[in-house]
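The values are calculated or read from the model by the stated rules, or taken from the named source; none is laboratory data. This structure is a prediction, so every number in the text was calculated from the model and none was measured. Please note: Cβ atoms are built from the backbone with ideal geometry, for glycine as well, and neighbour counts cover all protein chains shown.
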Amino acid sequence: MPSEMKLTPAMRQWQRVKDAHPDKIVLFRMGDFYEMFGPDALVASDLLEIALTTRDRDKADPIPMCGIPHHALEGYLGRLIRAGHKVALCDQVENPAQAKGIVRREVTRVVTPGTALEEGVVEAGQPVFLAAWNAAGARVGVAWTDLSSGEVVVWQSGPEEAVERLRAVAPAELLHPESADAVPEVGQAANSPLPDEEFAHRRALERLTGGLGLPPGLPGLPGEPEPLGALSALLAYLKEQGVATLKIPRYETPGTFLAMDEATRRNLELVAGQESGGRRGSLLQCLDATLTPMGARLLREWLLTPCADRARILARQSTVAAWMGRPAELAAWRSLFRGFPDLGRLVARFAAGIASPRDAGGLRAALQRLPEALALLRRIGERSEALEAALPQVQAWGRRLAEQLEETLPTHAREGGIFALGFLAELDRLRSLSENAHDAILQVEARERARTGIGSLKIRYNRVFGYFIEVSKANLSKVPPDYERRQTLVNAERFVTAELRALEGQILSARAERYALEERLWGELVQELAPALPLLREVSGDVAAQDILAGFAHLARERGYVRPLVVEEPVITLEEARHPLLELDERHRPFVPNPVEMDTAEKQITLLTGPNMGGKSTYLRQTALLAVMAHVGSWVPAKSATVGLVDRLYCRVGAGDSLLRGLSTFMVEMTETAAILRGATVRSLVLLDEVGRGTSTYDGLAIAWAVVEALRGPEGIGCRTLFATHYHELTELGRTLPGVRNLTMAVREYAGTVHFLKMVEPGAADKSYGIHVAELAGVPPPVVSRAREVLERLERRREQVDLSGQPQPRPRQSLLFSGENSGGEEEVLAALRQIDPHRLTPLEALLLLERLKRKLS
């Protein structure tokens, strides 16, 4: 960039703004465009795919520049924000026509990934979270907020738990101290370092008690410096963005919700399908019968952090039951809220000072429906304390906005056309003068034609001369003496009169005065609305929750769901349970339901065997999904259901996208298994699919065996476990260990054809049917035939066979016991004499027998 001395006045103005916001892309309003300069232009032109040019191109150091039309701001702004950039909007804050010298410009809005509220920038059903991370050794404090709801949550724990909690929140932006050694990777969050002093917990006390009006003791919040420091930084950052109205911070502790790690949320496809990467194929898509954007966002939060408080779950179930029992009121509710405005974000934009007149129109439409919503809630026996408390203000503001505002409202206050005719006499006068200017001009034109006898006389307008009278050359002799010549053309001349000049002044003045008056009135209205915003925020939260629960009732009626009995005891009993997504898929109809029985006594661990494509993974996932549904208050697809509260849910199925991070399938599997063994408790629900498959047969079997023993109580964890495996040897545990049982996916063979029945039944699988699955998958017939031939040899002879069909020596395996293979009956007998059978586990006995047999051969 050139030195400031060489810059034009406008560029010096831009440079001062950029110096104040070095970490942001500055959108600098110039006329009808937002311009970007220097490094901002280089970044934006590439990202937004717009032409890059230069300013002062004839000079030695031209300045890169690009621009976007002001009316297309939100679309381009959204692309910058989604790419992780912060943006400072620098607008013209005075009328260029009235400016003396350079137009005054100021930063009117700073938009960051975690504070975006603009309608075209954020998705309606997607929450936008801003979070702060503050770590000190083994202690971590976290705070986060969604400006759409105004909720502020504070959390403290160890680093591992804090990272998992943040991943469930999925913030768009993460604040952290500049000096932080390590900042966790949390999805696509943009990292925003702040000065360390912003994380000083003493500042949090001042900001909370001063800015939010909380009592000095901060009841309900932790006193430790880490969480308070995170909260302090969060509030300071929001204040800088102009946000002043939030709810009282809430302290969330582990145990208040069903905890899940990132792998489990991904494997269960709670809010994103693995194939689509979006809502399609997710539990969110399946359960989302919401009608409001606030409800859609809240449902997503509920699914990512299901409730573990039985009283709250039962309260939600009662509301669903109330809607179920009143189908007429349910239909009326859904009709009332179809197309309902985004009350949460409307309130948030008013609180942040960026609301538009069009937002006021949306608020008006929302407020007008709320009294009827309250009446419907009363009729089904439900209460909304927030709506009851806010009803007088809801009705008053609904009437006021309906009476005072135009039906169709502009995007910007400076465009005028906000207030209805009859609201203010002075405004009506100015409007009449500015809007009827054309009629007034036509009247003058008609009088002048009559006075002069010039039939072709016309009154025209341009920006240089304003209004003028145009007379052709042929009629110049008829021009009266009071006409003042302004311009001579080839075929005509232009004149003005005192009357025309006075009328022009009145018209232009009326427009300017009207817009100024409307802007002032708009500012007053926004200020007067401010005290009602906290209550309206609470109303928005209540409406969102009722929207979800009414949606649950709607789905339960349509799909035949039942109310689960939620209990404290660690049990799960599902009769004829169905997978909530697959039963809706035409490809899986008719869906075969299955029972589930789990406890921490006789049915603590279920070993599930069966062929690939037999339905093992479906059985695991549907059990987990029904547990999640029960915890969020939904009814479930089953004939009957009892679900005991779960503190942590683990679902290890597949390696997911961790392969992209350079981890092998087996490493991913073991890392996730280790996390389960470290974190699970007796109240957890664990679902494991094919543990040990990523390594050699004996290694995998040994690991799977040891994991089952570690999960089994009372010596081990003792949690409810579904363990799908292809190791048939493992089913020995189901026959010998208390609390472990065997189930298998039923298969039947008729006339050489294999049928997968998709049903669970007691027992263990005796075949894997892998070759049959290969045939179904389209493996060429010669390969399938060869595979059957090799399989027959392997089943007939225990030694390995190479692909040529010739016998080969069996490779040695790493032994679990000391000693080397050195054949001979004497050595085998000596080994047998030293063995105490009572001190061997079944797996050790199996491996020892195999080793001794190899010695004899």
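Would you check which residues across the stretch 57-72 are out of contact with any Gly (no Cβ under 9 Å at 6 or more places or on another chain) and either more than 18 Å from Lys18 (Cβ to Cβ) or without any contact (Cβ under 8 Å) to a residue 12 or more places away in the chain (or both) and list them? Step through it out loud before you land on a result.
Here is the first cut: in the stretch 57-72, the ones out of contact with any Gly (no Cβ under 9 Å at 6 or more places or on another chain) are 57-62, 66-67, 69, 71-72.
If the condition is that a residue be out of contact with any Gly (no Cβ under 9 Å at 6 or more places or on another chain) and either more than 18 Å from Lys18 (Cβ to Cβ) or without any contact (Cβ under 8 Å) to a residue 12 or more places away in the chain (or both), then Arg57, Asp58, Lys59, Ala60, Pro62, Pro69, His71, Ala72 are the ones that fit.
Residues in the stretch 565-605 that are basic (Lys, Arg) and either surrounded by 15 or more Cβ atoms within 10 Å (Cβ to Cβ) or part of a strand (DSSP E or B) (or both): how many?
Keep residues of the stretch 565-605 that are basic (Lys, Arg), which gives 578, 587, 589, 603.
Next cut, either surrounded by 15 or more Cβ atoms within 10 Å (Cβ to Cβ) or part of a strand (DSSP E or B) (or both) only: 578, 603.
The number of residues fulfilling the criteria is 2.
Looking at (1) of a type in the set (Gly, Ala, Ser); (2) outside any helix (DSSP H, G or I); (3) in the same structural domain as Leu377 (by TED's automatic domain parsing), find the lone condition where Ala389 falls short.
(2)
Would you be able to tell me the number of residues in the stretch 490-525 that are β-branched (Val, Ile, Thr) and either surrounded by fewer than 16 Cβ atoms within 10 Å (Cβ to Cβ) or at pLDDT below 95 (or both)? Step through it out loud before you land on a result.
Applying the first criterion (β-branched (Val, Ile, Thr)) to the stretch 490-525 yields 490, 496-497, 507.
Pick out the ones that are also either surrounded by fewer than 16 Cβ atoms within 10 Å (Cβ to Cβ) or at pLDDT below 95 (or both) and you get 490, 507.
Total satisfying the criteria: 2.
Yes/no per residue for (1) without any contact (Cβ under 8 Å) to a residue 60 or more places away in the chain; (2) of a type in the set (Gly, Ala, Ser); (3) out of contact with any strand residue (DSSP E or B) (no Cβ under 7 Å at 6 or more places or on another chain):
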residue: Gly137; (1), (2), (3): yes, yes, yes
residue: Gly141; (1), (2), (3): no, yes, no
residue: Ser148; (1), (2), (3): no, yes, yes
residue: Val163; (1), (2), (3): yes, no, yes
residue: Pro171; (1), (2), (3): yes, no, no
residue: Ser179; (1), (2), (3): yes, yes, yes
residue: Ala182; (1), (2), (3): yes, yes, yes
residue: Glu185; (1), (2), (3): yes, no, yes
residue: Ala190; (1), (2), (3): no, yes, no
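So for the stretch 595-607 (the condition being within 27 Å of the chain's Cα centre (by Cα) and either more than 22 Å from Ala321 (Cβ to Cβ) or free of Cβ contacts under 8 Å to residues at least 12 places away in the same chain (or both)), does at least one residue qualify? Explain how you work it out, then say what you get.
Step one: list which residues in the stretch 595-607 are within 27 Å of the chain's Cα centre (by Cα), which gives none.
No, every residue in the stretch 595-607 fails to be within 27 Å of the chain's Cα centre (by Cα) and either more than 22 Å from Ala321 (Cβ to Cβ) or free of Cβ contacts under 8 Å to residues at least 12 places away in the same chain (or both).
With (1) crowded, with 16+ Cβ neighbours inside 10 Å; (2) in contact with a helix residue (DSSP H, G or I) (Cβ under 9 Å, 6 or more places away or on another chain); (3) modelled with pLDDT of 95 or more as the list, and Leu47 as the residue in question, which single condition is left unmet?
The one condition Leu47 does not meet is (1).
For the stretch 150-179, which residues satisfy the criterion of being aliphatic (A, V, I, L, M) and within 15 Å of Pro227 (Cα to Cα)?
Let us first name the residues in the stretch 150-179 that are aliphatic (A, V, I, L, M), namely 152-154, 162-163, 166, 168-170, 172, 174-175.
Selection gives Val152, Val153, Val154, Ala162, Val163, Leu166, Leu174, Leu175.
I'm trying to understand the selection: among the residues of the stretch 273-288, which are surrounded by fewer than 19 Cβ atoms within 10 Å (Cβ to Cβ) and of a type outside the set (Lys, Arg)?
Gly273, Gln274, Glu275, Ser276, Gly277, Gly278, Gly281, Gln285
Would you mind stating whether Gly281 is on the phi > 0 side of the Ramachandran plot and either of a type outside the set (Lys, Arg) or in contact with a Ser or Thr (Cβ under 6 Å, 6 or more places away or on another chain) (or both)?
Details: on the phi > 0 side of the Ramachandran plot: yes; either of a type outside the set (Lys, Arg) or in contact with a Ser or Thr (Cβ under 6 Å, 6 or more places away or on another chain) (or both): yes.
It is true that Gly281 is on the phi > 0 side of the Ramachandran plot and either of a type outside the set (Lys, Arg) or in contact with a Ser or Thr (Cβ under 6 Å, 6 or more places away or on another chain) (or both).
Can you pull out every residue in the stretch 673-693 that is of a type outside the set (D, E, K, R) and either touching a Pro at 6+ places or on another chain (Cβ under 8 Å) or part of a strand (DSSP E or B) (or both)?
Within the stretch 673-693, Val682, Leu685, Val686, Leu687, Leu688 qualify.
Which of the residues spanning the stretch 426-450 are modelled with pLDDT under 95 and surrounded by fewer than 16 Cβ atoms within 10 Å (Cβ to Cβ)?
Those that are modelled with pLDDT under 95 and surrounded by fewer than 16 Cβ atoms within 10 Å (Cβ to Cβ): Glu426, Asp428, Arg429, Ser432, Glu435, Asn436, His438, Asp439, Ala440, Leu442, Gln443.
Name the strands (runs of 3 or more DSSP E) wholly within the stretch 95-150 that hold at least 1 residues that are over 24 Å from Ala352 (Cβ atoms) and small (Gly, Ala, Ser)? Can you show your working first?
Values: elements: 105-111, 129-136, 139-146.
Output list reads 129-136, 139-146.
Got a number for residues in the stretch 27-66 being part of a helix (DSSP H, G or I) and in contact with a Cys (Cβ under 9 Å, 6 or more places away or on another chain)?
The initial filter retains those residues of the stretch 27-66 that are part of a helix (DSSP H, G or I), namely 38-48.
With in contact with a Cys (Cβ under 9 Å, 6 or more places away or on another chain) added as a condition, the list becomes 40-42, 44-45, 48.
Here the count works out to 6.
Given the criteria at pLDDT 90 or above and assigned to a loop (DSSP other than H, G, I, E, B), does Pro171 qualify? Quick ask: steps written out before the conclusion?
Working: at pLDDT 90 or above: yes; assigned to a loop (DSSP other than H, G, I, E, B): yes.
Yes: the conditions hold for Pro171.
Answer yes or no as to whether Trp155 is in a strand (DSSP E or B) and within 26 Å of Thr292 (Cα to Cα).
no
Provide a single number: the residues in the stretch 755-767 that are surrounded by 17 or more Cβ atoms within 10 Å (Cβ to Cβ) and touching a His at 6+ places or on another chain (Cβ under 8 Å).
Residues in the stretch 755-767 being surrounded by 17 or more Cβ atoms within 10 Å (Cβ to Cβ) and touching a His at 6+ places or on another chain (Cβ under 8 Å): 2 in total.
Quick one: in the stretch 535-565, which of the residues that are aliphatic (A, V, I, L, M) and over 28 Å from the mean Cα position of the chain (by Cα) is farthest from Ala331 (Cα to Cα)? Lay out the reasoning, then the answer.
Narrowing the stretch 535-565 to residues aliphatic (A, V, I, L, M): 535-536, 539, 543-545, 548-550, 553, 555-556, 562, 565.
If we keep only those that are over 28 Å from the mean Cα position of the chain (by Cα) as well, we get 562, 565.
On the way: Val562: 20, Leu565: 26 Å.
The residue in question is Leu565.
Go through (1) among the aliphatic types (A, V, I, L, M); (2) touching a strand residue (DSSP E or B) at 6+ places or on another chain (Cβ under 6 Å); (3) part of a helix (DSSP H, G or I) one by one and return the number of the condition Leu370 breaks.
Evaluating Leu370 over (1) among the aliphatic types (A, V, I, L, M); (2) touching a strand residue (DSSP E or B) at 6+ places or on another chain (Cβ under 6 Å); (3) part of a helix (DSSP H, G or I) leaves (2) as the failure.
What do you reckon, is Ala272 assigned by TED's automatic domain parsing to the domain that holds Gly551, without any contact (Cβ under 8 Å) to a residue 24 or more places away in the chain and touching a Ser or Thr at 6+ places or on another chain (Cβ under 8 Å)? Explain how you work it out, then say what you get.
Working: assigned by TED's automatic domain parsing to the domain that holds Gly551: yes; without any contact (Cβ under 8 Å) to a residue 24 or more places away in the chain: yes; touching a Ser or Thr at 6+ places or on another chain (Cβ under 8 Å): yes.
Yes, satisfied.
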